[in-house]
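**Student:** Dumping the structure here so I can ask a few things about it.
The values are calculated or read from the model by the stated rules, or taken from the named source; none is laboratory data. None of the values given here were measured: they were computed from a predicted structure. Note that each Cβ is placed from the backbone with ideal geometry, even for glycine, and that neighbours are counted across all protein chains shown. Ligands, DNA and RNA are excluded from the accessible area calculation, which covers all protein heavy atoms including side chains. Shrake-Rupley method; radii C 1.70, N 1.55, O 1.52, S 1.80 Å.
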Amino acid sequence: MPESHIRPALRTDEEALGRLDRDTWSTLHAVTPRPMPPYAPFFDAQHRPGDFLVAEDADGTLIGFIRLVPPTPLACNQHVRQIQGLAVATRARGRGTGRALVRAACELARRQGAVRITLRVLGHNEPARALYEAEGFAVEGVLPGEFWLDGRYADDVMMGCSLG
């Protein structure tokens, strides 16, 4: 089982990250429609390279990413970071890549001065929920039937974790 290397994203990762994002799209976690050509840029004013950590294989191929940002621009909320996206290539699943990305995001949040980290996950995304729970996240709220996805209602589950 090759180990992945976690590092900050670079602007030059944009094409590979866009491809990974499209390849991993699923109603298991996505609330937006499936991306169709022409594809929007992966990085934009709200999604900057500095918001992402990436996982790469020994050969440098990107196999995952996680986005970590302040949940709001408010000064009174700057002690919190939020995971707003996690993706792992199908071929890299089950190797601890997602876990390594979550742990790296928590460590980065601590270095940024955060004392708490939050995220939102779809209620039916059992693999992601199990990973987050194993890493210390707890359900802090549920918005039942918040989304209509793939012909059914889906809960929006809020989870959080103390970084102390």
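**Student:** How many residues, within the stretch 110-119, are part of a helix (DSSP H, G or I) and either under 29 Å from Tyr153 (Cβ atoms) or in contact (Cβ under 8 Å) with a residue 24 or more places away in the chain (or both)?
**Tutor:** Looking only at that region, the number is 1.
**Student:** With (1) modelled with pLDDT under 95; (2) farther than 29 Å from Phe147 by Cα as the list, and Gln112 as the residue in question, which single condition is left unmet?
**Tutor:** Failed condition: (1).
**Student:** Does Ala128 fit the bill of being aliphatic (A, V, I, L, M), at pLDDT 95 or above and outside any strand (DSSP E or B)?
**Tutor:** Considered against the rule, which asks whether it is aliphatic (A, V, I, L, M), at pLDDT 95 or above and outside any strand (DSSP E or B), Ala128 comes out as yes.
**Student:** Looking at the structure I just gave you, is Gly18 over 18 Å from Val121 (Cα atoms) and surrounded by fewer than 15 Cβ atoms within 10 Å (Cβ to Cβ)?
**Tutor:** Answer is no for this residue.
**Student:** Additional query: Can you name the residue in the stretch 154-164 that is over 15 Å from Ala30 (Cβ atoms) and among the small types (Gly, Ala, Ser) and is also least open to solvent (accessible area, probe 1.4 Å) among such residues?
**Tutor:** So the residue we want is Gly160.
Residue-wise test of (1) farther than 15 Å from Gly136 by Cβ; (2) in contact with a Lys or Arg (Cβ under 6 Å, 6 or more places away or on another chain).
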residue	(1), (2)
Phe65	yes, no
Val69	yes, no
Asn77	yes, no
Val88	yes, no
Arg93	yes, no
Arg99	no, no
Ala105	no, no
Ala109	no, yes
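**Student:** Taking the stretch 127-158, which residues are charged (D, E, K, R) and under 21 Å from Leu68 (Cα atoms)?
**Tutor:** Passing the criteria: Arg129, Glu133, Glu135, Glu140, Asp156.
**Student:** Out of the residues in the stretch 4-25 that are assigned to a loop (DSSP other than H, G, I, E, B) and modelled with pLDDT of 95 or more, state the one that is farthest from the chain's Cα centre (by Cα).
**Tutor:** Restricting to residues being assigned to a loop (DSSP other than H, G, I, E, B) and modelled with pLDDT of 95 or more, the top hit is Leu10.
**Student:** Among Leu163, Leu122, which is the only one that is touching a residue at least 60 places away in the same chain (Cβ under 8 Å) and over 21 Å from Ala55 (Cα atoms)?
**Tutor:** Just a single option satisfies the conditions, and that option is Leu122.
**Student:** Which numbered condition trips up Gly151, out of (1) more than 21 Å from Leu20 (Cα to Cα); (2) touching a His at 6+ places or on another chain (Cβ under 9 Å); (3) surrounded by fewer than 19 Cβ atoms within 10 Å (Cβ to Cβ)?
**Tutor:** Here Gly151 clears every test but (2).
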